[in-house]
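Note sheet for the following structure.
All of the numbers you see were taken from the coordinates with simple rules; none came from a lab. As the structure is a computational prediction, the values presented were derived from the model and not from experiment. Positions of Cβ are generated from backbone atoms using ideal geometry, with glycine treated the same way; all protein chains shown enter the neighbour counts.
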Amino acid sequence: MNLPRPLGYVEEMGMLIEEGIRGKPVGSSRTSTEFALVSEPAAEALAVIHESRVENDERITIEAELARLDKVAEKFAYVHPDGHFLLKDLITHMRERVQKTDEEEWLPTHGDLKYDQFMVHNDTFTLLDFDYYATAETSYDLGKFCAYLVPSRPQDWRDSVAVEDARLRFIQRYRELRPDATLQRFAVYEALQFGLRAMSAMWMQKRGWERIAETFLVLGFERLKSRLPD
């Protein structure tokens with residue numbers, strides 16, 4: 001895993017200065033070469049972070065994340081009634097799943113692991129942006145990475161095929177590296193991120209956001225009920 005080298009910290013501005021990174025960000029084209037290649041480096045990076053034992057003061061809990069959705073669920077009723085009922089139902093099912101599963105192992109985590117947090121240069125990937133570094137259950141960033149592979153506006157069926165392939169390779173590589181990882185809440189965390197993406201779509205109010213939000217919520221249900229790939 002490559003990381004940008006820190007050069008200094010400007011305390012009065014709260015600004016961390018890091019070295020420049022050669023290359024370009026992994027773009028949003030799901031059929032690009034860099035998108036096809038990023039899954040395994042991402043899994044390797046997360047495995048290293050999870051086993052780093054680097055302590056921090058931040059803690060991300062599933063209860064707090066679900067509470068974020070609770071706060072916005074009622075707002076959906078005013079702008080998208082169908083989305084409101086879908087979100088409320090999804091939250092209920094996620095809470096039921098949490099109650100039926102044991103806590104996972106609490107580990108250091110990137111906090112915002114997504115494909116676009118990687119720079120690529122000559123087939124070498126560099127992970128950026130540790131602003132949300134925290135302690136969380138094992139599946140937090142796994143679910144986040146997988147949920148953000150899905151585009152909000154897919155171009156055609158090839159995007160969907162590329163996403164499913166990238167998701168499968170990411171999960172398989174992580175499980176190869178950490179075969180004893182506790183992942184019993186993976187489905188909850190992936191569904192959670194689809195709920196949060198629906199929330200973001202509502203806030204942004206871009207053209208066609210209702211369809212996008214509803215699609216994310218339906219995907220959340222699908223992921224919540226699906227088994228972890230082998």
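With Rh defined as the Kirkwood radius, the inverse of the mean 1/r over Cα pairs, the Rg/Rh of segment 123-186 is 1.00.
Computed from the C-beta positions of THR61 and VAL161 and an R0 of 35 Å, the FRET efficiency is 0.50 to the nearest 0.05. Helix 209-225 and the longest principal axis of the Cα set of the chain meet at an angle near 80°. What number comes out for the charge environment of VAL26, summing +1 per Lys or Arg and -1 per Asp or Glu over other residues with Cβ under 10 Å away? Local net charge: 0.
Under the simplified labelling scheme, the GLN172-ASP70 pair shows an inter-label distance of 4.0 nm, with each label point 7 Å from Cα along Cα→Cβ.
With 10 Å bins beginning at zero, the pair-distance distribution over Cα atoms of the chain amounts to 8, 31, 36, 21, 4 %. The modelled label-to-label distance between ASP89 and GLU105, using points 7 Å beyond Cα along the C-beta direction, is 3.7 nm.
Helical content alone sets the calculated 222 nm signal of the chain at -18000 deg cm²/dmol, taking -39,500 (n - 2.57) per DSSP H segment of four or more residues and averaging over every residue.
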